[in-house]
Amino acid sequence: QITLKESGPTLVKPTQTLTLTCTFSGFSLSTSGVGVGWIRQPPGKALEWLALIYWNDDMRYSPSLKSRLTITKDTSKNQVVLTMTNMDPVDTATYYCAHRNYYDSSGDSFDYWGQGTLVTVSS
Amino acid sequence: DIQMTQSPSSLSASVGDRVTITCRASQSISSYLNWYQQKPGKAPKLLIYAASSLQSGVPSRFSGSGSGTDFTLTISSLQPEDFATYYCQQSYSALTFGPGTKVDIK
């Protein structure tokens with residue numbers, strides 16, 4: 001079965017760079033149609049999509065955060081890494097990685113999610 | 001950027017009620033619209049993709065409709081486990097989520 005799990009620091013200081021790793025099983029990022037995305041959710045607020053990487057190395061980024069984000073994949077390790085630069089307290093949120101719904105042939109939806117990891121930005 | 005709005009922002013309903021949540025896009029998104037359910041402390045769960053396709057394993061009391069700019073999620077008979085927050089999400093241009101609709105017990 002498909003599982004995903006996020007890992008990384010729980011606390012970062014303002015201006016630092018956040019690096020999060022999504023380790024997954026049950027699928028391969030070298031299979032056509034597969035993708036992994038990152039979504040975050042500040043405490044008590046709505047979901048916000050950050051980035052998405054596809055099997056063919058295409059990447060999509062949130063336009064409002066594009067300058068701060070980098071998404072990469074390591075197919076051999078079954079991992080996707082998200083880096084976010086210049087962290088600010090407003091970036092405090094639970095960060096989720098999620099599997100792109102293979103059956104959504106034209107759009108991008110997420111059918112399997114990790115448990116999420118809370119990242120707090122504070123000095 | 002495409003903005004998503006949802007109405008209502010919250011609603012109170014009883015078990016057995018028919019519930020309808022509306023999602024509107026700031027421009028046409030064809031059928032690139034998905035619906036998620038999220039319970040407190042949990043990751044979101046995909047309910048509907050491509051506006052009206054029921055995700056595998058999701059009860060048939062959930063249905064989605066719409067195209068262009070206006071979409072609806074309908075729960076035909078609300079069950080106790082359906083009290084949660086519901087989000088729409090478009091993927092026509094980049095991806096954006098709506099602000100959410102909280103469904104609680106009347």
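The values are calculated or read from the model by the stated rules, or taken from the named source; none is laboratory data. Note that the structure is a prediction, hence the values are computed from the model and not measured. A quick note on method: Cβ atoms are made from the backbone with ideal geometry, for glycine too, and the neighbour counts reach across all protein chains shown.
Per-residue answers, yes or no, for (1) surrounded by 15 or more Cβ atoms within 10 Å (Cβ to Cβ); (2) more than 13 Å from every other protein chain (Cβ to nearest Cβ):
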| site | (1), (2) |
| --- | --- |
| A:34 | yes, yes |
| A:41 | yes, no |
| A:56 | no, yes |
| A:67 | no, yes |
| A:74 | no, yes |
| A:91 | yes, yes |
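The set of residues in the stretch B:81-106 that are in a loop (DSSP other than H, G, I, E, B), within 24 Å of residue A:61 (Cβ to Cβ) and not small (Gly, Ala, Ser) comprises B:92, B:95, B:99. Of everything listed in (1) within 11 Å of chain A (Cβ to nearest Cβ); (2) within 18 Å of residue A:48 (Cβ to Cβ); (3) buried (at least 21 other Cβ atoms within 10 Å of the Cβ); (4) among the hydrophobic types (A, V, I, L, M, F, W, C), the single unmet condition for residue B:47 is (2). For residue A:16, the conditions (1) at the interface with another protein chain (Cβ under 10 Å from one of its Cβ atoms); (2) surrounded by 14 or more Cβ atoms within 10 Å (Cβ to Cβ); (3) not in a strand (DSSP E or B) all hold with the exception of (1).
When every residue of the stretch A:95-104 is checked against the conditions, at least one turns out to be within 12 Å of chain B (Cβ to nearest Cβ), touching a residue at least 60 places away in the same chain (Cβ under 8 Å), surrounded by fewer than 21 Cβ atoms within 10 Å (Cβ to Cβ) and of a type outside the set (A, V, I, L, M). Filtering A:37, A:8 for residues that are touching a His at 6+ places or on another chain (Cβ under 9 Å) and either under 26 Å from residue A:122 (Cβ atoms) or at pLDDT 95 or above (or both) leaves a single hit, A:37. Filtering the stretch B:85-99 down to residues that are in contact with a strand residue (DSSP E or B) (Cβ under 9 Å, 6 or more places away or on another chain) and surrounded by fewer than 19 Cβ atoms within 10 Å (Cβ to Cβ), which residue is farthest from the other protein chains (Cβ to nearest Cβ)? The selected residue is B:92. In summary, residue A:41 fulfils each of the numbered conditions (1) under 21 Å from residue B:42 (Cα atoms); (2) touching a helix residue (DSSP H, G or I) at 6+ places or on another chain (Cβ under 8 Å) with the single exception of condition (2). Scanning the stretch A:46-84 for residues that are in contact with a strand residue (DSSP E or B) (Cβ under 8 Å, 6 or more places away or on another chain), over 20 Å from residue A:105 (Cα atoms) and part of a loop (DSSP other than H, G, I, E, B) yields A:46, A:47, A:62, A:65, A:78. The set of residues in the stretch B:52-80 that are facing another protein chain (nearest Cβ under 9 Å), under 13 Å from the mean Cα position of the chain (by Cα) and assigned to a loop (DSSP other than H, G, I, E, B) contains only B:55. Annotation: of all residues in the stretch A:106-123 being of a type in the set (Ser, Thr, Tyr) and touching a residue at least 24 places away in the same chain (Cβ under 8 Å), the one that is nearest to the other protein chains (Cβ to nearest Cβ) is A:112.
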